[in-house]
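Written below as structure tokens is the structure these notes are about.
The values are calculated or read from the model by the stated rules, or taken from the named source; none is laboratory data. Keep in mind the model is a prediction, meaning the values are calculated, not measured. Glycine also receives a Cβ, built like all others from the backbone with ideal geometry; neighbour counts cover every protein chain displayed.
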Amino acid sequence: GLSGGINYTNDRIGAMSENNFSVNLAYAVDLNDDFKLSFGLKGTANLLSVDYTKLDIYDPNDPTFGENISNKFNPNVGAGLFLYSDKAYVGVSVPNLLTTDRTTGEEGFELMRQKMHFYLTGGYVFDLNPSLKFKPAVLVKTVSGAPIQVDLTANFLIVDRFTVGAAYRWDASVSGLVGFQVNDGLFIGYSYDADTSKLSKYNSGSHEIFLRFDLFNKYNKVSTARFF
């Protein structure tokens, strides 16, 4: 059947402030008694602002930093396929199909470009006993001009309520996660990410607290597939 969702994020890093609003639609079909195939589409609106006055600029006359950027608008579209059952899943997606110039200098030269990112993911849920499930998973991301990124994760689900897990990003970071399924529609969690690259000398890691709401789930019980 048809399903959808809405996502909003705000990122503030140094002189940059970025707002992303996206709408997601998916349509799932039954392949057989066990597996379903879902087709997904994503539409995104991005608003980018850059305040160069917050930077310590070596050359104040550099035209690159001559004029602030105020809510520059960039649209994009994405697509993906997701094959899943109650125990396993594999998916491929391209969240941004359009290559867009995020910022452009006064002379027309490019400062920042958003390229296509390709994602491949897969995982499997093992029932270790009636009260404990284990899900290893992998996520591979590739983009032109950058090394392949590989994320390995291992999560445990205890009595269908508590989630505990860890993740490793190859040559980049390690992270840990704990979470609690309050009810069928609300999940609350906390994660900590520690850098393992040379950048670890300049930061002490990052903390994240998150809430996940499942609306319109009145007639669908939370199942093993929810562990995805």
Lone unmet requirement of (1) under 30 Å from Leu215 (Cβ atoms); (2) of a type in the set (A, V, I, L, M); (3) in contact with a helix residue (DSSP H, G or I) (Cβ under 7 Å, 6 or more places away or on another chain) for Leu98: (3)
Identify, by number, the condition in (1) at pLDDT below 90; (2) surrounded by fewer than 13 Cβ atoms within 10 Å (Cβ to Cβ) that Leu128 doesn't meet. (1)
Name the residue that is nearest to the chain's Cα centre (by Cα), counting only residues in the range 121-152 that are closer than 20 Å to Arg169 by Cβ and not in a strand (DSSP E or B). Ile148
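Table: residues versus (1) surrounded by 12 or more Cβ atoms within 10 Å (Cβ to Cβ); (2) outside any helix (DSSP H, G or I); (3) under 27 Å from the mean Cα position of the chain (by Cα).
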{"residue": "Asn24", "(1), (2), (3)": "yes, yes, yes"}
{"residue": "Tyr27", "(1), (2), (3)": "yes, yes, yes"}
{"residue": "Gly40", "(1), (2), (3)": "yes, yes, yes"}
{"residue": "Ala45", "(1), (2), (3)": "yes, yes, yes"}
{"residue": "Leu48", "(1), (2), (3)": "yes, yes, yes"}
{"residue": "Thr53", "(1), (2), (3)": "no, no, no"}
{"residue": "Pro60", "(1), (2), (3)": "no, yes, no"}
{"residue": "Glu67", "(1), (2), (3)": "no, yes, no"}
{"residue": "Ser70", "(1), (2), (3)": "no, yes, yes"}
Every residue in the range 3-17 that is within 16 Å of the chain's Cα centre (by Cα) and in contact (Cβ under 8 Å) with a residue 12 or more places away in the chain, please. Gly5, Ile6, Asn7, Tyr8
Answer residue from the range 159-207, given it is among the charged types (D, E, K, R) and assigned to a loop (DSSP other than H, G, I, E, B) and is farthest from Val125 (Cα to Cα) among those: Asp171
